[in-house]
1. Leaving out ligands and nucleic acids, and using a 1.4 Å probe, what accessible area per residue does the range 1-99 come to in Å²?
2. Given a Förster distance of 35 angstrom, what is the FRET efficiency for GLN34 paired with PHE166, based on the Cβ-Cβ distance and rounded to 0.05?
3. With a 1.4 Å probe and every protein chain left in place, tell me how much accessible area SER70 has, in Å² to the nearest 10.
4. Tell me the net charge near ALA54. Cut-off is 14 Å between Cβ atoms, ALA54 excluded, with +1 for each Lys or Arg and -1 for each Asp or Glu.
5. What order, most packed first, do the peptides 25-35, 135-145, 3-13 have when packing is the mean number of other Cβ atoms within 10 Å of each residue?
6. Under a 5 Å amide H to amide H cut-off, with H placed in plane at 1.01 Å, what residues pair with THR146 once short-range neighbours are removed?
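The values are calculated or read from the model by the stated rules, or taken from the named source; none is laboratory data. In this text, all values refer to a predicted model and were calculated from it rather than measured experimentally. When we count neighbours, we look across all protein chains shown, and the Cβ atoms used for this are built from the backbone with ideal geometry, even at glycine. What goes into the accessible areas is simple: the full protein's heavy atoms, side chains included, and nothing from ligands, DNA or RNA. Shrake-Rupley method; radii C 1.70, N 1.55, O 1.52, S 1.80 Å.
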Amino acid sequence: MALSDTDRIYDELLVTLVRAGDARAADRLAARWQPRLMRAARRMLGDPEEAREAVQEAWGGICRGWFTLSEPAMFPAWAYGILTRKCADRIRRASAARQRFLPEEAAPEPAGIDTAPLRHSLMAALGQLSADHRVAAILHFSEGLTLAETAAALSVPTGTAKSRIFHARQHLKQLLEGDLS
């Protein structure tokens with residue numbers, strides 16, 4: 001779901017107003033971005049409750065950091081970057097906990113996967129990507145971030161983001177063509 005130029009400009013205006021102390025603009029920005037951040041977090045984490053908690057933590061970071069954002073136009077990449085780090089922290093903690101307490105073969109399957117065949121295939125294919133490739137693909141293809149915004153959100157050079165997106169696309173294509181044949 002790509003952001004239109006109008007949406008980007010409106011978000012930039014809201015960020016500018018928030019930085020000037022307008023609480024209503026903050027409420028409006030949160031209302032516009034909460035569903036986007038939730039959708040991305042659910043895709044990254046696969047668990048609605050974990051996603052809710054990650055988004056709540058991300059909003060804490062966003063609200064604390066309004067004035068560290070150098071350019072209001074970079075809000076989408078900046079917000080997704082904060083969310084991505086919160087989700088990555090949760091993935092690392094969950095992985096460490098599973099390794100400590102569960103035998104590898106007893107690790108639970110991700111919850112909340114839709115049973116529709118194509119959606120199931122896509123979610124399963126995304127789950128087979130490395131974490132770096134999965135997050136880059138979600139931010140670029142699903143959330144509509146540009147290449148530069150994806151790179152900023154991931155805190156990597158543009159070439160690295162481009163490479164991750166390319167490899168994610170190739171791997172997804174191979175995985176999905178195998179399912180459809």
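1. On the way: 5210 Å² over 99 residues.
Using a 1.4 Å probe on heavy atoms only, each residue of the range 1-99 averages 53 Å².
2. On the way: r = 31 Å, r/R0 = 0.88.
According to the calculation, E is roughly 0.70.
3. My reading of the accessible area for SER70 is about 110 Å².
4. Details: positive: ARG36, ARG39, ARG42, ARG43, ARG52, ARG85, LYS86, ARG90, ARG92, ARG93; negative: ASP47, GLU49, GLU50, GLU53, GLU57, ASP89.
Within the 14 Å Cβ shell, the charges total +4.
5. Values: 25-35: 15.3, 135-145: 22.9, 3-13: 13.5.
Output ranking for 25-35, 135-145, 3-13: 135-145, 25-35, 3-13.
6. none
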